[in-house]
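Asker: The following block contains the structure, expressed as structure tokens.
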Amino acid sequence: MIVAARCGPASEADAALESFCRAYWYPLYAYVRRSGHAQADAQDLTQAFFARLLEKDWLSEALPERGRFRSFLLMALKRFLAKEWRRGAARKRGGGANFVPLDAADAEARYAVEPSLGPDAIFERRWAMTILDRALGRLADEYAAADRTVEFELLKPHLTAARGEIPYEETGAALGLNPGAARVAVHRLRKRFRETLRQEIAETVADAADLEDELRHLVQILGQRA
């Protein structure tokens, strides 16, 4: 995504940047809010950060050999908050372009139910959840393209269920399948989800070794008590 944003044709770069902003604005917003900024200021700061990210071409620094994109993005935000905003370089409220499709009401509704974590921890957790959501979205799109949305919605709750807790007979009846076929359908969904999750993580790391480390990190973050 970042390579396309930096090096691709203008149309591809615009699309990649829009996708980037849509995907990752909330973990950054949650970090800013938990750092002590009020709602309106956090919205302005998040918008101004993305504006500065593009204006100063900070994405050119997001090189694979420099590590994980998650770490790069958080460090860039910290640098921005510590230097740029305090120097008054950020845009005044309502005075700049709306770089991020930030829904203020949705942002605060999500933030209101966040666990009591510090800024870094809440960023990490929201980042992990964003990765999961995007992987799940990929999977949903695949099933929709095959006209199997109903099947996906019925099977989706079993993605995180323990194997012994999955009601294959009930699930099969809902899908018009016998329990054995339902078991196969659940197995295929879970297998494909693991693949899409790895694909999503792979877009934010340099190589296969980093992918495995990032996957373990994600699992660790999600396994921590909120």
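No value in this document is a laboratory result; all are computed from the given coordinates. What you see is a predicted model; the values in this text were computed from it and never measured. Every residue, glycine among them, receives a Cβ derived from its backbone with ideal geometry; neighbour counts consider all protein chains shown.
Asker: With a cap of 14 neighbouring Cβ atoms within 10 Å, and only residues DSSP puts in a loop, list the trypsin sites (Lys or Arg not before Pro) found in segment 152-193.
Answerer: Qualifying residues, ordered by number: none.
Asker: Sticking with the crude label model, points 7 Å out along Cα→Cβ, report the distance from SER116 to VAL150 in nm, one decimal please.
Answerer: Label-label distance for SER116 and VAL150, simple model: 4.7 nm.
Asker: Another question, then. Give me P(r) over segment 118-226, computed from all C-alpha to C-alpha distances, binned every 5 Å, as integer percentages.
Answerer: 2, 11, 19, 20, 17, 13, 10, 5, 2, 0
Asker: Just subtract the alpha-carbon distance of GLU55 and GLN199 from 0.36 nm times their residue separation and send over the number in nm, one decimal.
Answerer: 48.9 nm
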